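Read-outs throughout are calculated quantities, based only on the coordinates presented, and are distinct from any laboratory measurement. Only a predicted model underlies this, so the values are computations on that prediction, with no experimental measurement involved. Reconstructed Cβ throughout: ideal geometry from the backbone, glycine too, with neighbour counts over all protein chains shown.
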Amino acid sequence: MGQLSRFWRESEHRYRLLGTRCENCGRVYFPPREVCPTCHRESIGKMKDLELSGEGVIESFTVVHEAPPRFSRQKPYVLALIKMEEGPMITGQIVDCDPSEVEIGKHVHAVFRRMGEDGDTGVIVYGYKFALD
Amino acid sequence: MSEVYIIGAGETKFGELWDKSLRDLAVEAGLEAIKEANIYSRDLQMLYASNSLAGTINEQSNIAALAADFSGIAETHVPAVRVEASTASGGAAVREAYLAIKSGEYDVVMVGGVEKMTDIYGSEIIDVQSSILDREWESFNGATPAALAAITARRYMHDFKVPREDLAMIAVNDHANASMNPDAQYRNKITVDQVLKSDPVAEPLNVFDCSPISDGASAIILASDEYRKKNRLDGIRIVSSAMSEDYLALHSRKSIYTLESARIAAKQAIDRAGIKKNDVSFLELNDSYSIYGLLELEDLGFAEKGKGNELLGEIKLGGSLPVNPSGGLKAKGNPLGATGVSQFYEAYLQLKGKAGQRQVKGARYGMLHNMAGTGATSVVHIVGE
Ligand SMILES: [Zn+2]
């Protein structure tokens, strides 16, 4: 079920944390959107790429013990919602720490790591994770 | 516009049914519903098949044609279509059938929901379940439905100082009711302590906070009031139907512990029914994870945000607001595409006074909530005598 190769399409957005900003209302979105959910048609053609700083705060988190096969070697891992300083929230893992150090409200920054591998092709895909400041 | 009635309902036992295939389950439930309705399969004018993941789990698509064929109605050439709205497929399929009868197009239709989840093994099923999330921006990063429910649970408990034990109470109540349901996957009673000591799935949620992997099928027959009267058939009424969507991904929602889709659908369902929420005699919730039981009590309109636990004394059979008399998703089981239809099976028994030991005394109206994923879709129905 791996098939990670198809995720290459979004690789630039993953590697650079590239979101979009609506020039009509100023709201920032990640993942990128073609249409602003607030401005609807007024936003068409006005959604511009914006690279996020990678800085954010832990909104909430879990320690995952039962995971799909391609994450089995990472178990248990910390998965969190990170409120980015530009506004959007991102789902990502928190790495390079003991799970007991993770708390709601702690500051984190994005790091780029191996995400897993495609079982059939052995293709390795990279993306964003987060580390405690 | 015609009133819409449920004139028959059938279901299989839920559980790990190794000896039964996807088609066996669908046919068993469908034939039971037809028998209960006292009609013939050739009377059906349309079939709605509800299923979530058979294309991946069983490598079988075109479920509606399969179900129609093996129910023996291929030669009646009745139209059939699959309705897919992830884990809300069942509620969504019933709603499509309800609207079709309301439109005047049909007088009698079947909705059959089926899922055969044990055809793949081990942790592969977690990957398939995670496909109902945003694949590229949630599950790609290691999110599973359980993990996102756990993230919601942790922040909810943090903000409202809700004790961990209160989540467990939702599962304990489900098991107590399922002990009286012969179709339930788990018929053993459990304690809060057992929930807290069960193995972690995604902290703070444990195995006993999570609905199981289930096989099963449920089917109901819907008919217009005219058809029901003409053929002197008995039934219960679908009083109202509503459906609402929200952002697919949890990270895009305004609040990670508000089921906005449920809140809106429930309000519409109550308004359309012309009843007050106090008129609701029982609830069937979509408690795929224990935390959702508390959130649903709030967002369906029965408690303020953060105060769902104040109702925990009232949710058992005999309380003022019985929850999941069927045993709910945790204990009756959660065969995804069948789950939403099976809520109607329970309501049919309850409103006809045929629920045996788990009968809600004097049941007049039931509210049924079927939800997709972490709340991207909610379907709410109110059913009555
Ligand atoms: Zn905008």
What whole-number volume per residue, in cubic angstrom, does the convex hull of the C-alpha atoms of the range B:50-165 give?
172
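Within 10 Å, count the other beta carbons around each residue, average over each peptide in B:96-104, A:41-49, B:174-182, and list them highest first. Walk me through the intermediate numbers first.
Values: B:96-104: 17.7, A:41-49: 13.7, B:174-182: 21.6.
Packing proxy ranking, top to bottom: B:174-182, B:96-104, A:41-49.
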The range A:49-85 residues near the modelled A:Cys25 label - backbone nitrogen below 18 Å, point 7 Å along Cα→Cβ
A:49-50, A:84
Per the helix-only model, chain A has a calculated mean residue ellipticity at 222 nm (DSSP H runs of ≥4, -39500 (n - 2.57) each, divided over all residues, rounded to the nearest 500) of -1000 deg cm²/dmol
Test of understanding: ordering B:Ile275, B:Ile7 by Cβ neighbours within 10 Å, fewest first, what list do you get?
B:Ile275, B:Ile7
Please compute the Kirkwood hydrodynamic radius over chain B, one decimal place, Å, based on all pairs of different Cα atoms.
20.3
Through the Karplus equation 6.51 cos²θ - 1.76 cosθ + 1.60, θ set to phi - 60°, convert the phi angles of the range B:55-72 into ³J(HN,Hα) values in whole Hz; use x for Gly and Pro.
x, 8, 5, 9, 6, 10, 9, 6, 4, 5, 5, 4, 5, 5, 4, 7, 7, x
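Could you work out the local net charge near A:Leu132, counting Lys and Arg as +1, Asp and Glu as -1, over the other residues with Cβ closer than 13 Å to its Cβ? List each step's numbers first, then the result.
Details: positive: A:Lys106, A:Lys129; negative: A:Glu55, A:Asp96, A:Asp98, A:Glu101, A:Glu103, A:Asp133.
Neighbourhood net charge equals -4.
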For q values of 0.14, 0.19 Å⁻¹, compute log₁₀ I(q)/I(0) with the Debye formula on a Cα-only model of the range B:251-313, without solvent.
-0.40, -0.73
Enumerate the calculated ³J(HN,Hα) couplings along the range B:357-371 in order (Karplus 6.51 cos²θ - 1.76 cosθ + 1.60, θ = phi - 60°), each rounded to whole Hz, writing x wherever the residue is Gly or Pro.
4, 9, 4, 7, 5, x, 4, 10, 10, x, 10, 10, 10, 10, 10
Relative contact order of chain A: what whole-number percent is it, with Cα pairs under 8 angstrom and at least 6 residues apart?
25
For B:Asp279 and A:Ile44, extending 7 Å from Cα along the Cα-Cβ vector and measuring point to point gives, in nm, a value of 4.3
For B:Gly8, other-chain or 5+-apart residues with amide H closer than 5 Å (H placed, Pro excluded) are B:Ile221
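From largest to smallest, what semi-axes in whole angstrom does the protein assembly as shown give when each is the square root of 5 times an eigenvalue of its alpha carbon gyration tensor?
39, 25, 23
Can you sort B:Phe160, B:Phe302, B:Phe282 so the residue with the fewest Cβ neighbours within 10 Å comes first? Write down the numbers at each step before the final one.
Numbers: B:Phe160 16, B:Phe302 22, B:Phe282 25.
Listed from fewest to most nearby Cβ atoms, that is B:Phe160, B:Phe302, B:Phe282.
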Net length gained if the chain between A:Ser72 and A:Asp98 were fully extended (0.36 nm per residue, minus Cα distance):
7.6 nm
Return one quarter of the surface area of the convex hull spanned by the alpha-carbon atoms of the range B:235-385, equal to its mean projected area, in nm².
8.1
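Determine the alpha carbon to alpha carbon distance for each of B:Lys35/B:Lys230; B:Lys161/B:Lys277; A:Lys75/A:Lys129 and list only those over 20 Å. List each step's numbers first, then the result.
Working: B:Lys35/B:Lys230 18 Å; B:Lys161/B:Lys277 27 Å; A:Lys75/A:Lys129 15 Å.
Result: B:Lys161/B:Lys277 exceed 20 Å.
So for B:Met371, A:Met115, fewest C-beta neighbours within 10 Å to most, what's the order? Walk me through the intermediate numbers first.
Working: B:Met371 31, A:Met115 21.
With the sparsest Cβ surroundings first, the list reads A:Met115, B:Met371.
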The range B:152-261: spread of alpha-carbon positions along the three principal axes, whole Å, largest first, is 57, 38, 24
What residue among B:Gly91, B:Val380, B:Ile256 has its Cα farthest toward the positive end of the dipole of chain B, where the charges are +1 on Lys, Arg and -1 on Asp, Glu, each on the Cβ?
B:Val380
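Provide the net charge surrounding B:Ser50, with neighbours chosen by a C-beta distance below 14 Å and charges set as Lys +1, Arg +1, Asp -1, Glu -1.
Value of the local net charge: -1.
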Quick check: Cα centre of the range B:194-222 to Cα centre of the range B:58-96, how many Å?
25
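How crowded by other chains is B:251-258, given as the mean number of beta carbons from other chains within 10 Å of each beta carbon?
Details: counts 12, 8, 1, 0, 0, 4, 1, 0.
Neighbouring Cβ atoms belonging to other protein chains average 3 per residue here.
In percent, how large is the relative contact order of chain B, given Cα pairs closer than 8 Å and 6 or more residues apart? Numbers along the way, then the final one.
On the way: 952 pairs, mean separation 101.3, N = 385.
Computed over chain B, the figure is 26 percent.
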Which listed pairs, of B:Lys197/B:Lys305; B:Lys13/B:Lys330; B:Lys102/B:Lys229; B:Lys116/B:Lys197, have C-alpha distances above 18 Å, in listed order
B:Lys197/B:Lys305; B:Lys116/B:Lys197
Extent along principal axes [Cα atoms of chain A; Å; largest to smallest]:
46, 37, 21
Output wanted: per-residue J couplings in Hz (rounded whole) for the range B:317-331, from phi through Karplus 6.51 cos²θ - 1.76 cosθ + 1.60, θ = phi - 60°, x for Gly and Pro.
4, x, x, 6, 9, x, 10, 6, x, 5, x, x, 5, 5, 10
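Using just the alpha carbons, could you tell me how many Å³ per residue the convex hull of the range B:201-286 encloses? Don't jump to the answer; show the numbers that get you there.
Values: hull volume 15.8 nm³, N = 86.
For the range B:201-286, the hull spanned by Cα atoms encloses 184 Å³ per residue.
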Cα-centred dipole magnitude for chain B, charges only on beta-carbon of K, R (+1) and D, E (-1), debye, nearest 20:
1120
Expected output is a single nm value to one decimal: the length gained when fully extending between B:His77 and B:Val207, i.e. 0.36 nm times separation in residues minus the C-alpha distance. What is it?
42.3 nm
State the cysteines of the protein assembly as shown left without a partner when partners are defined as other cysteines whose beta carbon lies under 4.7 Å away.
A:Cys25, A:Cys97, B:Cys210
Ignoring everything except DSSP H segments at least 4 long, calculate the 222 nm mean residue ellipticity for chain B; use -39,500 (n - 2.57) per segment, divide by total residues, nearest 500.
-10000 deg cm²/dmol
Of B:Lys230, B:Lys332, B:Lys254, which is the most mobile in a GNM of chain B whose springs link Cα atoms less than 10 angstrom apart?
B:Lys230
